[in-house]
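Right, one structure below, let's go through it.
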Amino acid sequence: MSWFKKNRQNDFPTYKFERGAGRPYHFLDSAASALTPKIVLEAMDLYYRTYRANVHRGLYRASAKATASYEAARENIANFLHAAPEEVVFTRGATESLNLVAYSLAATLQPEDEVVISIMEHHANFVPWQQFAQRFGFKLRIIPITKNFELDKEEARKIIGPKTKILSLVHVSNVLGTVNPVKELSALAHQYGATVIVDAAQSVGHRPVDFAELGCDFLAFSGHKTYGPTGIGALIGRYSALSQLSPFLYGGEMIAEVTKEYSVWNEVPHKFEAGTPNIAGAIGLSAAVDYMQEIGLDELAKHERELTAYAIAQLSTIEDVTIIGPGADQDRGGAVSFSVENIHPHDLAHILGNHGVCVRGGHHCAMPLMQELDLPGTTRASFGIYSQPKDIDALVKAVKYVRNKFGS
């Protein structure tokens, strides 16, 4: 495991702060929100300190520089995901991106139409379609999972058909780590003329993601899960697909013309970016993209893959611990969910936190999945480029302590 000799924790000021306070700190909660490297903080600070101005409207130096930096961020993110700049819409994150598409498309559906999702969806991709199905009367179809925690492709092929108008699917499960066959199912859905939406919040920044290769119509991700700031993300959409969507918000910047009688929208992508955008957030997200590209997405994926295998192997040695997700021998993401017999995940996560091991306990915004698995929740460890085997060793030691003290 020579790769782990390259410790990148010094790139992240949080480590210095926590350890400077004399606290043990083993951050294993990247699936909820990744830490932020210095390069991102510095890029945002430079904007606020030296050319703080609004974009697109001003004719003075600072505004021109802010506009250039904001649009350069759009281009950088487009290149990162193999899309065109005009196909990148800045949003507050994956949740807003998914809602933007759902609000626009749901109103076009008829009672005989069907929307297909999976049981493993995050609430951000489950609840909107559930609520709109109740409002507009279309049918919501849900693809189950197998006993091996994989999407049931056989059932998916039965469900996706002539009535399918939308397939909205998570790329990598934030609970199970399951990697879904997005490209294959996109092709199947397109055979029936359906629109395909991908929640890529747990794949962008963790592995190479090629928007064009996936074959979907829309893709959503969040900056705070990709080493960027909070409150920023993007909706990537094929230009023709974006052009068919109605604006999600109305106001300044998304307008081309307004009269007393009517309004004309701005061009894509600007018609979806009403009001003053998160300028510093976009600049910070672009810096995060630079950081990831400097390391290399293949190396990021390798690092996470090896850590995941190590974590699964070590946790599996503990009596009464059950891994909830695919095995390490499968292509999977770096979220490792597990349960300890007779110990509630909230209690376990709380005690682990007292040991300086930062994990997540609960339903992870995936309550339908937990109901399907008959679980109150799981404890989840998840990894980033800064994670090290010693962090997993601390996790295993703390889980053993809890199990021996409070378990069966």
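The values are calculated or read from the model by the stated rules, or taken from the named source; none is laboratory data. Computed from a prediction, not measured in an experiment: that's the story for all the values here. Every residue, glycine among them, receives a Cβ derived from its backbone with ideal geometry; neighbour counts consider all protein chains shown.
Quick notes on this one:
- Taken as a whole, the structure places Val88 among residues that are under 20 Å from Ser203 (Cα atoms) and in contact (Cβ under 8 Å) with a residue 40 or more places away in the chain.
- Test set (1) surrounded by fewer than 20 Cβ atoms within 10 Å (Cβ to Cβ); (2) farther than 22 Å from Ala43 by Cα - Leu297 fails condition number: (2)
- Annotation for the range 45-53: at least one member residue is in contact with a Lys or Arg (Cβ under 6 Å, 6 or more places away or on another chain) and aromatic (Phe, Trp, Tyr).
- Taken over the range 126-185, the criterion of being assigned to a loop (DSSP other than H, G, I, E, B), touching an Asp or Glu at 6+ places or on another chain (Cβ under 7 Å) and either assigned by TED's automatic domain parsing to the domain that holds Ile324 or not charged (D, E, K, R) (or both) is satisfied by Phe138, Pro144, Thr146, His171.
- Gly22 vs. criteria at positive phi and in a loop (DSSP other than H, G, I, E, B): yes
- Helices (runs of 4 or more DSSP H) fully within the range 34-112 counting 3 or more residues that are more than 22 Å from the chain's Cα centre (by Cα): 38-50, 61-80
- Among the residues of the range 246-267, those identified as surrounded by fewer than 20 Cβ atoms within 10 Å (Cβ to Cβ) and closer than 26 Å to Leu81 by Cα are Ser246, Pro247, Leu249, Glu253, Asn266, Glu267.
- Which numbered condition Asn7 fails, given (1) within 27 Å of the chain's Cα centre (by Cα); (2) assigned to a loop (DSSP other than H, G, I, E, B); (3) closer than 30 Å to Ala212 by Cα: (3)
- Residue check, Leu315 within 25 Å of Lys38 (Cα to Cα), out of contact with any Leu (no Cβ under 7 Å at 6 or more places or on another chain) and in the same structural domain as Lys6 (by TED's automatic domain parsing): no
- Failed item in (1) surrounded by 20 or more Cβ atoms within 10 Å (Cβ to Cβ); (2) not assigned by TED's automatic domain parsing to the domain that holds Val175, with Thr322 passing the rest: (1)
- Entry remark, the range 251-265: residues being over 12 Å from Val89 (Cβ atoms) and in contact with a strand residue (DSSP E or B) (Cβ under 8 Å, 6 or more places away or on another chain) number 7 in total.
- For beta carbons closer than 7 Å, sequence separation of 6+ or different chains, a first residue in the range 327-350 that is in the same structural domain as Arg305 (by TED's automatic domain parsing) and a second that is charged (D, E, K, R) and in a strand (DSSP E or B), the qualifying pairs are Ala335/Arg380; Val336/Arg380; Ser337/Arg380; Ala349/Arg360.
- Some residue of the range 271-284 being in the same structural domain as Tyr227 (by TED's automatic domain parsing), basic (Lys, Arg) and either crowded, with 20+ Cβ neighbours inside 10 Å or assigned to a loop (DSSP other than H, G, I, E, B) (or both): yes
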